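**Student:** Below you'll find the structure I mean.
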Amino acid sequence: MTDPSTGASAPLDDAKSAPLDRAENGPLDESEANAVRPYVDLGGVKLVPREGLQLRLEIEEGTKRVVAVGIDYAGSTLQVQPFAAPRSSGLWHEIRAQIVEQVRAQGGETQERLGAFGPELVARIPVTGGEAGATRIARFVGVDGPRWFLRGVIAGRGAIEADAAAAIDDVFRSVVVVRGTTPMPPRDLIPLQVPQGAAQAAGAVVPPATA
């Protein structure tokens, strides 16, 4: 079921949550993307290059596995992770509830609201090792696609300013998820990779993308 006023899926635990225009305007499945458009290929996701966009790969120290893609753009940061999901049901409603519990366990607080992609969380999280009472604000967004779930964590200007939020949301929209055909349990991270020509090192930085 969807809310006609927002295009967001109704908050049923296993319902898919995505904008009504997802298949046209993103985040896209590889089968929906323009095959001739240039992308930065990161394995499980592809990104449309744009001027001023910086990519930072988050690599697990022990395994050297890429576990997330970090994006810096226009004063905002966006962490992207693609996960395998069931074909007919979604993960975002359940994962959102788990994020609320995790933030509360850290002494933080969350507020749920409807955003560009449907339900999202705005979290105020205590800063570890910072001044007493210091907090940071982050937005958690998620979209259920065909056999995948894409999660984004937004910080910086995009978490607190409307114009900046619209700009970084557009970047999230431009993500193409490459699920592949390999069977994977739901919630497993779809493999990510360092682009050809980029050095593989912890916190590897990909050269600036240009339009």
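**Student:** Under 6 Å between Cβ atoms, which residue pairs at least 6 apart in sequence (or on different chains) link something in the stretch 159-172 that is in contact (Cβ under 8 Å) with a residue 40 or more places away in the chain with a partner that is outside any helix (DSSP H, G or I) and among the basic types (Lys, Arg)?
**Tutor:** As it stands, the answer is Ala159/Arg139, since those pairs meet every condition given.
**Student:** For the stretch 11-55, give me the residue count where each residue is open to solvent by less than 80 Å² (accessible area, probe 1.4 Å) and over 13 Å from Val177 (Cα atoms).
**Tutor:** The qualifying residues number 12.
**Student:** Looking at the stretch 57-65, is at least one residue surrounded by 15 or more Cβ atoms within 10 Å (Cβ to Cβ), in contact (Cβ under 8 Å) with a residue 60 or more places away in the chain and among the basic types (Lys, Arg)?
**Tutor:** No, that holds for no residue.
**Student:** Any residue in the stretch 94-115 that is assigned to a loop (DSSP other than H, G, I, E, B) and touching a residue at least 60 places away in the same chain (Cβ under 8 Å)?
**Tutor:** no
**Student:** Let me ask something else. I'd like the full set of residues that are open to solvent by less than 20 Å² (accessible area, probe 1.4 Å) and under 14 Å from the mean Cα position of the chain (by Cα), limited to the stretch 100-138.
**Tutor:** Phe117, Gly118, Pro119, Glu120, Leu121, Ala138
**Student:** Here's a follow-up. For the stretch 118-138, what are the residues that are at pLDDT 95 or above and among the β-branched types (Val, Ile, Thr)?
**Tutor:** Val122, Ile137, listed by residue number.
**Student:** Looking at Val141 and the list (1) crowded, with 17+ Cβ neighbours inside 10 Å; (2) out of contact with any helix residue (DSSP H, G or I) (no Cβ under 9 Å at 6 or more places or on another chain); (3) outside any helix (DSSP H, G or I), which single condition is not satisfied?
**Tutor:** The failed condition is (2).
The values are calculated or read from the model by the stated rules, or taken from the named source; none is laboratory data. Treat the numbers as computed from the prediction; the structure is a model and nothing was measured. When we count neighbours, we look across all protein chains shown, and the Cβ atoms used for this are built from the backbone with ideal geometry, even at glycine. Remember, those area values only see protein heavy atoms, side chains included, never the ligands or the DNA or RNA. Shrake-Rupley method; radii C 1.70, N 1.55, O 1.52, S 1.80 Å.
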